[in-house]
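Working notes for the structure below.
The values are calculated or read from the model by the stated rules, or taken from the named source; none is laboratory data. These numbers come from a predicted model, not from an experiment. Glycine also receives a Cβ, built like all others from the backbone with ideal geometry; neighbour counts cover every protein chain displayed.
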Amino acid sequence: MEMKARTEWIGLWQGSEDFKNVSHAHEQWMQVTLPVQGTCHFTQENRGYALQQGSGLIQPPGTNHHFHIGERASVIILKVRERGNGGMEAVRPRFEAGARHDIRQSFDAGDVLGRFRHWMLALMQGQALADPLAAQEVENDVLAYVGGLVGAGSQDAPRTAPPKGLTDPHLERALAYMHDCYEQPLSIDELAGIALQSRYHFIRSFREATGKTPY
């Protein structure tokens, strides 16, 4: 069984129940493989890994890999573009392939499943309502979560930081623009430009300042 969704900047995929694929590589994407049930037998650049629930592996762009899972096993894959304002450069400007591709911190399988379902539902609802901000909100959440897994910062910080209040005049200008132009189509990139911030940092700083997301 497979579930998948993709936007300009992220890809979401879940496979289960005796799935396998052939060797391949993603030239423009970084992938994170997260087993959420059972064992994922993964081969990356001719090296084998038996990934257990709660342990993950990073696939930098251009890395050849393939995997298989048996019955009663399931794996979630998150992909983000490596370059550009919506990719890994946004959370880690000097992100490189590096020597270590294992995710050093364990992850909560139930938490990942909950996030995945929330992201998929939000994307479907956004598509049904023709709301581009819904997809951008999911993109930001996935980017922040992946950034935390690969050591680019805490994926939970935006969710737990208390509101700080609007002290940045550029952020205030973006908020005023939202109030004035709410009947017009708005984009995160447009608002981030008004706030003189990158797309990722605008959503994070907006949420920290107001306790809400731009969406």
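In the set (1) at pLDDT below 95; (2) buried (at least 20 other Cβ atoms within 10 Å of the Cβ), GLY54 fails one condition alone, (2). Restricting the stretch 12-51 to residues that are of a type in the set (Ser, Thr, Tyr) and more than 25 Å from GLY148 (Cβ to Cβ), which is surrounded by the fewest Cβ atoms within 10 Å (Cβ to Cβ)? Among them, the one singled out is SER23. Remark: pairs (first residue in the stretch 198-215, touching a residue at least 40 places away in the same chain (Cβ under 8 Å) and farther than 14 Å from ASP168 by Cβ; second residue among the acidic types (Asp, Glu) and part of a helix (DSSP H, G or I); Cβ separation under 7 Å; 6+ apart in sequence or on different chains) = ARG199/ASP189; THR213/GLU137; TYR215/GLU137. The residue pairs whose first member lies in the stretch 116-141 and is in a helix (DSSP H, G or I) and crowded, with 18+ Cβ neighbours inside 10 Å, whose second member is modelled with pLDDT of 85 or more and aromatic (Phe, Trp, Tyr), and whose beta carbons are closer than 6 Å, counting only pairs six or more residues apart or on different chains, are VAL138/TRP119; GLU139/TRP9. Taking the criterion of being under 22 Å from ALA135 (Cβ atoms), outside any helix (DSSP H, G or I) and not charged (D, E, K, R), the residues of the stretch 164-205 that qualify are CYS181, TYR182, GLN184, PRO185, LEU186, SER187, ALA195, GLN197, SER198.
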